Structure formats: C-alpha cells, structure tokens
1. Return yes or no: is A:ASP105 among the acidic types (Asp, Glu) and closer than 16 Å to A:GLN4 by Cβ?
2. Tell me which residues, restricted to the stretch A:167-191, are touching a Leu at 6+ places or on another chain (Cβ under 8 Å) and within 16 Å of the ligand (Cβ to nearest atom).
3. For the stretch B:109-126, which positions are away from every other protein chain (no Cβ under 14 Å) and either part of a strand (DSSP E or B) or touching a helix residue (DSSP H, G or I) at 6+ places or on another chain (Cβ under 7 Å) (or both)?
4. Go through the stretch A:70-90 residue by residue and tally those that are out of contact with any Asp or Glu (no Cβ under 7 Å at 6 or more places or on another chain) and within 16 Å of the ligand (Cβ to nearest atom).
5. Residue pairs, Cβ under 6 Å, 6 or more apart or interchain, first in the stretch B:21-45 and more than 14 Å from B:CYS7 (Cα to Cα), second modelled with pLDDT under 95 and open to solvent by less than 80 Å² (accessible area, probe 1.4 Å). List them.
6. So which residues in the stretch A:192-219 are away from the ligand (no atom under 16 Å from the Cβ) and either open to solvent by 10 Å² or more (accessible area, probe 1.4 Å) or of a type in the set (Lys, Arg) (or both), if there are any at all?
7. Going by the conditions given, is A:SER172 of a type in the set (Gly, Ala, Ser), open to solvent by less than 10 Å² (accessible area, probe 1.4 Å) and farther than 22 Å from A:LYS122 by Cα?
8. So, A:GLU237, is that one at pLDDT 95 or above and either farther than 12 Å from A:TYR94 by Cβ or crowded, with 21+ Cβ neighbours inside 10 Å (or both) or not?
Amino acid sequence: MINQIYIENEIKDHPRVQRILKKFKRKTPIYIDKYASVFNKKNQNFRIQKKYPSLILAKKKGGHVLKTPSDFGIGNSNNFYFSHMYNCLYDCEYCFLQGMYSSADYVLFVNYEDFEDGIKEKINFHKNERVTFFSGYDCDSLAFEKISGFVSHFLPFFKRFSNVEIELRTKSTQMEPLLKMEPVSNCIVAFSLLPAEIANKTDHKVPTIKKRINKISELALMGWKIGLRFDPLIHGENWKNIYKELFADVFKNIDKKAIHSITLGPLRFPKAMFKKILDMNPRSKLLSDVLVLRGNKISYTNEIELEMQSFCIDLLNKHSPETLLFSCKGNF
Amino acid sequence: MSNGCICWVIALASEAKSLIEEFKMYLMPGDTLFPIYKNKNENEWLVITGVGQLNVASGVSYLYSLCPYSKTSFWINFGIAGAGKNVGDIGEPFLINELRHHDFKKIYYPFILPNLKLKNAMLKTYNKPQNNYKRSFLFDMEGWVFYNIVQKKITRELIAVVKIISDNSPETILSINKNFINKFIKDKIEYLMTLRDFGFSLSDLETERKKEHFLFVDITEKFHFTFSQCQQLKNFLIRWDVNFPERSLFSEIKDLNDAKSILDYMESSLKHHKLKWE
Ligand code: SF4
C-alpha cells in the first residue's frame with residue numbers, strides 16, 4: 001500500500017510518471033523540487049515509514065552505473081550495478097537499506113533511458129570483454145514490477161548485447177514479465193534463499209521459501225538461467241541440518257541445467273550502519289546474536305564465518321559443479 | 001492501554017476549549033510560563049501559546065521541557081486558519097501535507113498519516129494576519145514555525161499540523177469570535193479523535209523502541225557502572241530478553257557484586273548461546 005505520492009516537478013510530465021499515476025487514481029500527488037526534500041531527512045524513523053511507505057517519483061542525476069565492490073561477481077571481471085529504485089517492498093531484518101537510509105519510502109527513478117546511456121557507455125568501454133550488470137542492489141528487482149515496469153523495459157534492452165549479462169536479484173514470486181516472454185539468454189534471475197526456519201523469522205512480507213523454490217523451478221523449466229544466492233548465511237542452533245535440508249530441497253526441485261551460478265555470502269553489516277539498524281530494531285533475534293567488529297564490518301566471528309562457508313561449499317559441491325560456485329567475502 | 005503520549009500546541013484558548021473538555025484535561029497549577037493542561041494519566045498535554053511565531057516557538061520549547069515523554073510524544077499543532085475561497089468551506093478540517101513560510105525558502109513535507117479521512121492541503125505561515133482570499137492554500141501565523149522547531153527534536157513521523165478553515169472571504173472574517181470557533185471545533189472533534197488515536201499508537205511504538213530495560217535502573221543503582229559499562233549493560237539486557245525469555249536475570253546475578261562481574265556473566269551466557277530458529 002502506498003501512503004502518499006511525491007513527484008519531482010522536473011519529471012511530472014514524463015510518460016512513465018503518467019502511466020504510474022493511472023494506477024493510483026485516488027491519490028493526489030504532491031509536487032516537489034527534489035526527492036531529497038522528502039527522502040532521507042534527519043530525524044526520520046525507518047520503522048514507522050516502513051509501515052506506511054510513500055512513493056517518490058524522481059529523476060536520477062549522475063552516478064547511474066557504478067562499480068560493484070571488488071569481491072562481488074559471478075565469473076566476469078567487469079561488474080557494475082545500477083539502482084533504478086531505493087528501498088524495497090519487503091522487510092528483511094538483515095537488510096542494509098535500513099541502515100543506509102533513514103526513510104523507508106520508495107524512490108523510483110523514472111529516467112530509465114539515462115540508465116541505459118550509462119550502461120551503454122560501460123559496454124562500449126569494455127567492448128571485447130565480458131561484463132555483468134547487477135540490478136536489485138538497493139531494492140528488489142522484481143517486487144515492484146507492476147508499478148515500475150522495470151524488467152519489462154530493461155530486458156529487451158539487455159538482449160541486444162551478447163557480451164553482457166544482467167542479473168535480476170529478487171525474493172519475489174511476481175514473475176509476470178518473465179513468464180510472458182521467451183527466456184533471455186544473457187539474463188540471470190537470481191533468488192536469495194535461506195532455510196525456511198530462519199526466513200520465517202527474518203524475512204517479513206516476503207514470499208515463503210517454498211513459494212520461491214516453486215517459482216524458480218517453474219522459470220528453470222521455461223529455460224531461464226537461474227542464480228542461487230545463499231546470502232547471507234545465518235547461524236544458529238542446528239544450522240548444519242537446516243542448510244543441508246535447504247540445499248536438498250533446492251536441488252530436488254530445480255533442474256540443475258538451468259543453474260547459472262551459486263553464490264554464498266556471510267552475514268555482514270557495514271560498521272557505520274549497524275548501530276542505526278540495531279537502534280531501529282533492538283529486539284531483533286538476528287541482531288541479538290554474537291556479532292563482532294571486524295575491520296569496517298560487523299559480522300559473526302571469523303571462526304563461525306569460515307565454518308559456515310566451508311560446510312556449505314562442501315555440500316553445494318556435491319550437488320553441482322564447482323565452477324558454478326562463487327563466494328563473496330562481504331567487503332564494503 | 002497505550003504507552004504513547006500526545007502534546008497539543010494551540011494558539012488560542014478558544015481553539016483549545018473543546019479539546020480540553022473532551023479529553024478531560026485540567027490546568028496545571030502553579031506559576032507556569034504558558035497555560036499548560038494535562039490529563040489525569042499525564043499522557044496528554046496541551047499548551048496555549050498565544051498567536052504568532054515567537055509565541056509558538058517559546059510555547060513548544062516550554063512544553064517540550066515540561067512533559068516527561070516529550071521525546072516520544074506525538075505532537076499536534078491544531079488551530080484555525082484562513083484559506084482561499086476555493087480551498088474549502090468554513091469549518092472544514094485539513095491535515096497539512098506541505099508547509100511553507102512567507103519569509104523562508106525551506107519547505108517541509110510532514111508525514112502523511114494514512115486513513116484519517118481528512119483532506120490534505122498546503123499551509124503557508126505569515127508574520128501578519130492575511131486577508132487575500134484568492135490563494136489556493138491555507139494560511140496562518142504558527143504552523144511552519146511549530147514544525148520547524150519540533151522536527152529538530154523528535155522524529156518527523158510524530159508531528160502533525162491540522163487546521164480548520166475559519167475564514168475564506170472578507171465577510172467571513174467578521175464573524176469569527178470565541179463562540180463561533182468553539183462551536184465549529186466541537187463539530188469536528190471526531191476527526192481530531194481519530195488523529196489522536198493514531199498519534200497514540202505511533203508514539204507507543206516510539207516509546208517501546210526507546211524504552212529503557214526495567215532492570216537497568218535497579219542494577220545501576222545497586223552497583224557503580226561507568227558510562228561505557230552502562231551502554232554495554234543496556235545492550236546485554238535487551239539481548240538477554242530476546243535470547244533467554246524464560247530466564248530470570250535478577251536471580252542469576254544476585255550473588256555478583258560489581259559491574260564487571262555482572263557484565264562478564266551476561267557476556268559469557270550470551271556468547272555460548274546459539275539462536276534457536278525453529
Ligand atoms: S528483499 Fe533484499 S532489498 Fe528487500 S528488504 Fe529484503 S534484503 Fe532488503
């Protein structure tokens with residue numbers, strides 16, 4: 001549910017804005033000069049806003065496409081991300097967006113064409129190289145599709161560049177645009193997964209793990225390339241068994257030939273954001289666990305992290321070829 | 001019962017009268033800088049500031065210092081306002097969604113409270129009374145200043161500005177008097193009740209989030225904790241609750257007799273605990 005709609009004056013006549021407004025006929029938008037006059041102000045409460053989020057339609061100026069952290073990738077050496085949206089419909093307790101912004105309002109940048117120009121620039125620069133673009137870094141790539149039309153717009157665009165891959169990162173089961181089109185060979189639909197016992201407690205407003213696995217299986221059968229993202233890895237009593245069950249469940253239901261890549265990532269928070277996240281959600285079970293400061297991040301101890309990583313890698317290698325597996329150290 | 005609190009900031013006694021009666025508030029005895037009203041439970045407060053920017057600024061700061069729950073209260077500036085002829089009818093209430101000031105560039109966009117059934121409108125605050133009714137917004141002499149001060153002190157989702165149109169033409173301004181104001185506010189009290197209920201629930205959330213653990217004072221009164229040990233204790237107490245809801249910390253630490261041993265005990269228990277997800 002959208003509480004209020006704000007629109008930057010500069011894009012008020014943009015066709016994409018007009019199309020979105022048709023979906024909210026009963027809302028009277030408020031016109032603003034820049035999205036920052038509503039979004040991410042001092043003294044805002046992420047948790048309260050999360051209950052009643054507003055939608056801000058804005059124009060992204062500059063910084064359309066950015067380099068990912070060095071250890072973030074799925075096989076190619078040139079990795080970029082772009083964020084057409086800030087914030088997410090879902091509410092995961094480990095989500096770093098809660099620490100990054102003080103607002104939970106959704107900012108949707110409607111100038112997709114400027115993102116395309118930024119992407120083309122990078123593609124031209126790396127002409128004969130393999131490049132991966134990641135969407136869903138500051139949002140979920142598919143959850144807001146009915147309003148944003150993001151995937152329907154960008155997949156035909158990416159289809160034109162054969163040396164390039166686009167990863168859509170999601171926890172959504174709203175797959176409408178993908179179910180309607182032929183699989184795009186350079187698109188990876190990457191799903192974040194956790195053992196159901198943990199997800200039930202940490203992933204709020206998110207489709208259950210069972211539903212996610214069913215949807216992955218459906219897409220795999222259609223011929224879409226699938227990414228499996230076990231990120232973050234979450235510790236607790238009996239963690240080995242519940243991860244074992246998760247992997248077994250995933251590989252029982254998903255056609256292995258469809259799996260493009262598997263990544264593992266530790267639970268981590270940038271140091272600067274952790275205090276804010278904890279302050280907003282002091283009674284979170286996940287955040288009450290033993291987390292320590294390591295360099296510029298807050299995470300499990302090195303020992304736990306390594307144990308989880310190697311246990312999961314061993315198990316995953318039994319299910320799928322090693323070459324598909326990538327691990328992210330979680331640097332910021 | 002809600003743990004929230006409401007702070008009303010109102011310029012005129014005639015604007016406050018119906019609320020004071022309806023919400024059973026009474027005048028605080030003693031020598032106060034502004035008339036301050038509160039209810040028996042002390043979870044609803046009201047200041048009558050007088051008209052104009054200086055008055056509202058001082059009134060807000062005064063109430064903020066007086067009310068023990070001011071940091072987590074829901075703050076409402078309520079009162080009458082003039083409006084352009086086309087904005088609405090006399091007696092019509094509005095939740096303000098945009099605040100401007102005649103002399104300052106800064107624009108505020110207050111958090112919109114959902115499902116209130118109140119229309120939204122822009123309010124512009126002036127230094128002097130206005131009588132230009134060709135405008136497409138509401139105008140007053142306090143709203144922007146109120147918001148400007150309160151947003152520096154508390155989270156913006158806990159601030160609302162609500163105005164009722166008192167005049168929208170040169171003729172209507174002549175009929176404004178105490179009884180008139182009192183009557184049309186009384187007629188619209190149900191809107192304020194809904195706003196107030198919502199305010200209580202948001203303030204409750206914020207109070208809950210900022211609440212100090214019930215054992216914190218007991219423990220720190222008994223033993224000396226340094227500042228950083230206090231921070232550590234606060235953190236451990238919450239984690240203890242989350243991880244060991246069945247265990248009574250108080251009885252477990254009853255034989256320990258200094259801050260360090262209490263913290264060491266808690267830390268070691270927390271460290272060896274594995275989260276149960278099932
Ligand atoms: S789905 Fe991703 S972006 Fe959305 S709340 Fe969860 S972790 Fe954050």
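The values are calculated or read from the model by the stated rules, or taken from the named source; none is laboratory data. What you are looking at is a predicted structure, and each value in this text was computed from that prediction instead of being measured. Neighbour counts run over all protein chains shown; Cβ positions are idealised from the backbone, glycine included. Accessible surface areas use protein heavy atoms only, side chains included; no ligands, DNA or RNA. Shrake-Rupley method; radii C 1.70, N 1.55, O 1.52, S 1.80 Å.
1. When the stated conditions are applied, A:ASP105 passes them.
2. A:LEU168, A:THR170, A:SER172, A:GLN174, A:MET175, A:VAL189, A:ALA190, A:PHE191
3. Matches in the stretch B:109-126: B:LYS124, B:THR125.
4. Here the count works out to 4.
5. Between residues of the stretch B:21-45 that are more than 14 Å from B:CYS7 (Cα to Cα) and residues that are modelled with pLDDT under 95 and open to solvent by less than 80 Å² (accessible area, probe 1.4 Å), the close pairs are B:GLU22/B:ILE189.
6. Those that are away from the ligand (no atom under 16 Å from the Cβ) and either open to solvent by 10 Å² or more (accessible area, probe 1.4 Å) or of a type in the set (Lys, Arg) (or both): A:GLU197, A:LYS210, A:ASN214, A:SER217, A:GLU218.
7. Criteria met by A:SER172.
8. No; evaluated as a whole, the condition is false for this residue.
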